[in-house]
Amino acid sequence: MSGINYSEKIPNNVNLVNDRTLQRALEHWQPKFLDWWQHLGPSDFQGADVYLRTATSVDAEGWATYGAVKMPDYRWGIFLADAQKDRTIGFGDSMGQPVWQQVPGEYRSSLRRLIVTQGDTEPASVEQQRLLGHTCPSLYDLRNLFQVNVEEGRHLWAMVYLLHAYFGRDGREEAEELLARHSGDADKPRILTTFNEPISDWLSFYCFTYFTDRDGKYQLKSLAESGFDPLSRTCRFMLTEEAHHMFVGETGIGRVVKRTLEVMKELGSDDPAKIRAAGAVDLPLLQRYLNFWCSSSLDLFGNEISSNSAANFANGLKGRPDESQYEDHVLRSSTFKMNTPAGTEDVPMLNALNEVMRESYLKDCEIGLKRWNRQIERAGFALRLTLPATSFRRSIGAWMGQPVTPEGRMVAKDEYEKRLHDWIPSPEDRAFVHSLMKRVAEPGKMAAWVAPPERGINNLPVEYEYVKLH
Ligand code: BYC
């Protein structure tokens, strides 16, 4: 087990104390991070006591402790999963060779690009969610939001550590830039599109943590396979924290479905107007939110046909999630049947890896859908929630800008434009959802549009005062 040294300014299990130059560089970045947190982290609530989990070890058993913390005092630190003895590269042309403890010169810019792109998403999501605290549906939810936020902050630290420790001056400059770009900023936006979308209501937050954090899971799993061992170890530990973020999304949407079904039963109706009048989210509206966030998150896998992904795999930088489940780890002689607007094409497998990953991601997304649909079925209603086709509303790749319905049917451009708000939230839908967003901050109380969770955090009751607002 690697214990974490909490007596240092920056908690870490990377022996920072023995590398004074690196320690000084990170201590120089730390106040800039805290300044960013104060200005672009959660708006208000900085003085509240929040029941947070903090990583205290990288041991799978008992890796975190829970307790009341004021967010600016959260111990953001640098934690790498334990090294695996004699680890070798598990895929690509250098398969079987020892993993690298330093960045190979020829891969320096590709690795830096992957780390910067990953790092950029972490503070972006905190910025996107910064106003949500004001409209929390309960203290339980408020605490979960802040837990997600502090851990995304820690994931930023994870990437900044790699940049500082392994990329010299360029790395330090990139670390500064991670705090200089801002979500939705017209001049300096975040790198990936989804991270510039506003998240101004809790339905979006649940969808984001369901779909976009799940992209995080897949990207982190593929980087955890990397031949650059420090990146692999960093991502392995980040995945431990990531699971809770997706739990917030899956249970959040499940609780919305549950509450809506209760209202539908009380009313004896599935009429959206009546359900809205009763203060709940009608299921077609939820479907439009799912379509929006799922299609946006599908873009995060990049182009269907990508020479970047081919080179990253062949060079041992980025594998497939759970690489060991596959038989062929070199992929020089296999092809992939790719659906494009021009028809089905045979594409070299190496160039199709973004799509391979997108497909396994969608299978994972289906799990929640099945669960929510079982709830709907049990309540005796006919509607079923679905995932949109991968070709729907894409803004990157082969399907970019193609007029495709959520069912995957190509239609005329003007029909697509006319009907788009049948498929993604219209301004009226958003205005309605916003009208539901009223802060509920009494312990145990819940907004009327979402059911209470089945259980509280860390075996505490749902009624526990998870955030003490003073
Ligand atoms: N938006 O060959 P291509 C998470 C750019 S989420 C804008 O298709 P590649 C989290 C691309 O950068 C996980 N631009 O793509 C979740 C490239 O530009 P340059 C984040 C895009 O490289 C919730 C060009 O298009 N982690 O952790 O095969 C809360 C052609 O690229 C987009 C990562 O993404 C887009 N959607 O794959 C908090 C892992 N997509 O460089 C956190 C690291 C592509 O030619 N990143 N482009 O100017 C990567 O592995 C890859 O960069 C990507 C793209 C998978 C993103």
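The values are calculated or read from the model by the stated rules, or taken from the named source; none is laboratory data. Model, not experiment: these values are computed from the prediction. So basically every Cβ, Gly included, is an ideal-geometry build from the backbone, and we count neighbours across all protein chains shown. SASA here: full protein model, heavy atoms, side chains in, ligands and nucleic acids out. Shrake-Rupley method; radii C 1.70, N 1.55, O 1.52, S 1.80 Å.
Exactly one condition in (1) in a helix (DSSP H, G or I); (2) in contact with a strand residue (DSSP E or B) (Cβ under 6 Å, 6 or more places away or on another chain); (3) among the hydrophobic types (A, V, I, L, M, F, W, C) is false for Ile367; which is it?
The one condition Ile367 does not meet is (2).
Yes or no: Leu114 of a type in the set (A, V, I, L, M, F, W, C) and over 25 Å from Glu27 (Cα atoms)? Even if it seems obvious, please write down each step before you answer.
Details: of a type in the set (A, V, I, L, M, F, W, C): yes; over 25 Å from Glu27 (Cα atoms): no.
Taking the combined requirement at face value, the residue does not satisfy it.
Looking only at the range 385-407, which residues are open to solvent by less than 40 Å² (accessible area, probe 1.4 Å) and without any contact (Cβ under 8 Å) to a residue 40 or more places away in the chain?
Passing the criteria: Ala389, Pro403, Val404, Thr405.
Is it the case that some residue within the range 279-289 is assigned to a helix (DSSP H, G or I) and within 29 Å of Leu156 (Cα to Cα)? Full working, then the answer.
Looking only at the range 279-289, we keep the residues that are assigned to a helix (DSSP H, G or I), and these are 283-289.
Keeping just the survivors that are within 29 Å of Leu156 (Cα to Cα) gives 289.
The answer is yes; a qualifying residue exists.
Please identify the pairs in which a residue from the range 355-370 that is more than 19 Å from Gly319 (Cβ to Cβ) has its Cβ atom under 7 Å from the Cβ atom of a residue that is open to solvent by 20 Å² or more (accessible area, probe 1.4 Å) and assigned to a helix (DSSP H, G or I), counting only partners at least 6 apart or on another chain.
Correct list of pairs: Gly368/Glu250.
I'd like the residue in the range 74-104 that is not in a loop (DSSP other than H, G, I, E, B) and not β-branched (Val, Ile, Thr) and, out of all such residues, is least open to solvent (accessible area, probe 1.4 Å). Spell out the reasoning first.
Here is the first cut: in the range 74-104, the ones not in a loop (DSSP other than H, G, I, E, B) are 78, 88, 98, 100.
Pick out the ones that are also not β-branched (Val, Ile, Thr) and you get 98, 100.
Values: Pro98: 94, Trp100: 47 Å².
Residue satisfying both the conditions and the ranking: Trp100.
Please specify each residue of the range 330-364 satisfying the condition of being of a type in the set (Asp, Glu), farther than 23 Å from Gly227 by Cβ and part of a helix (DSSP H, G or I).
Taking the range 330-364 and keeping what is of a type in the set (Asp, Glu), we get 345-346, 355, 359, 364.
Now restrict to residues that are farther than 23 Å from Gly227 by Cβ: 345-346, 359, 364.
Correct list: Glu359, Asp364.
Just to verify a result, which residue in the range 307-330, among those that are farther than 20 Å from Gly105 by Cα and open to solvent by less than 10 Å² (accessible area, probe 1.4 Å), is farthest from the ligand (Cβ to nearest atom)?
By that ranking, first place goes to Glu323.
Can you name the number of the only condition in (1) open to solvent by 60 Å² or more (accessible area, probe 1.4 Å); (2) over 21 Å from Tyr161 (Cβ atoms) that Gly67 fails?
Only one criterion in (1) open to solvent by 60 Å² or more (accessible area, probe 1.4 Å); (2) over 21 Å from Tyr161 (Cβ atoms) is unmet by Gly67, namely (1).
Restrict the check to the range 360-382 and report whether at least one residue is open to solvent by 80 Å² or more (accessible area, probe 1.4 Å), of a type outside the set (D, E, K, R), within 30 Å of Ser307 (Cα to Cα) and within 16 Å of the ligand (Cβ to nearest atom).
No.
Scan (1) within 12 Å of the ligand (Cβ to nearest atom); (2) out of contact with any Gly (no Cβ under 8 Å at 6 or more places or on another chain) for the single condition Phe237 breaks and write down its number.
Phe237 satisfies all of (1) within 12 Å of the ligand (Cβ to nearest atom); (2) out of contact with any Gly (no Cβ under 8 Å at 6 or more places or on another chain) except (1).
Which residue pairs have Cβ atoms under 6 Å apart, sit 6 or more places apart or on different chains, and have a first residue in the range 292-304 that is assigned to a loop (DSSP other than H, G, I, E, B) and a second that is within 8 Å of the ligand (Cβ to nearest atom) and not polar (S, T, N, Q)?
Taking only residues 6 or more apart or on different chains, the pairs are Asn303/Gly397; Glu304/Gly397.
Out of all the residues in the range 154-163, is one or more closer than 26 Å to Ala25 by Cβ and among the β-branched types (Val, Ile, Thr)? Can you show your working first?
At the first step, the residues of the range 154-163 found to be closer than 26 Å to Ala25 by Cβ are 154-163.
Then keep just the ones that are among the β-branched types (Val, Ile, Thr); that gives 160.
Yes: one or more hits.
Restrict the check to the range 269-276 and report whether at least one residue is under 30 Å from Lys337 (Cβ atoms) and either under 14 Å from the mean Cα position of the chain (by Cα) or surrounded by fewer than 21 Cβ atoms within 10 Å (Cβ to Cβ) (or both).
Initially, the range 269-276 is screened for residues under 30 Å from Lys337 (Cβ atoms), giving none.
No, every residue in the range 269-276 fails to be under 30 Å from Lys337 (Cβ atoms) and either under 14 Å from the mean Cα position of the chain (by Cα) or surrounded by fewer than 21 Cβ atoms within 10 Å (Cβ to Cβ) (or both).
Name the pairs whose Cβ atoms lie under 7 Å apart, with the first residue in the range 445-469 and among the basic types (Lys, Arg), the second open to solvent by 60 Å² or more (accessible area, probe 1.4 Å), and 6 or more positions between them or separate chains?
Lys468/Ala68
Residues being surrounded by fewer than 18 Cβ atoms within 10 Å (Cβ to Cβ) and assigned to a loop (DSSP other than H, G, I, E, B): count how many of those fall in the range 408-436.
5
Being farther than 30 Å from Asp201 by Cα and assigned to a loop (DSSP other than H, G, I, E, B), is that true of even one residue in the range 111-121?
no
Working only within the range 276-306, note down all residues that are within 16 Å of the ligand (Cβ to nearest atom) and closer than 19 Å to Glu250 by Cβ.
The first filter runs over the range 276-306 and keeps only residues within 16 Å of the ligand (Cβ to nearest atom), leaving 292-306.
Across the range 276-306, the qualifying residues are Phe292, Trp293, Cys294, Ser295, Ser296, Ser297, Leu298, Leu300.
Do you know which residues across the range 345-354 are farther than 14 Å from Tyr218 by Cβ and in contact (Cβ under 8 Å) with a residue 40 or more places away in the chain? Before the answer, list the steps.
At the first step, the residues of the range 345-354 found to be farther than 14 Å from Tyr218 by Cβ are 345-352.
Residues satisfying the conditions are Val347, Leu350, Asn351, Ala352.
Every residue, every condition in (1) within 16 Å of the ligand (Cβ to nearest atom); (2) surrounded by fewer than 23 Cβ atoms within 10 Å (Cβ to Cβ); (3) acidic (Asp, Glu); (4) touching a residue at least 24 places away in the same chain (Cβ under 8 Å), yes or no:
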site	(1), (2), (3), (4)
Gly119	yes, no, no, yes
Tyr140	no, no, no, yes
Gly153	yes, yes, no, yes
Leu156	yes, no, no, yes
Val160	yes, no, no, yes
Glu173	no, yes, yes, no
Gly184	yes, yes, no, yes
Glu197	yes, yes, yes, yes
Phe211	yes, no, no, yes
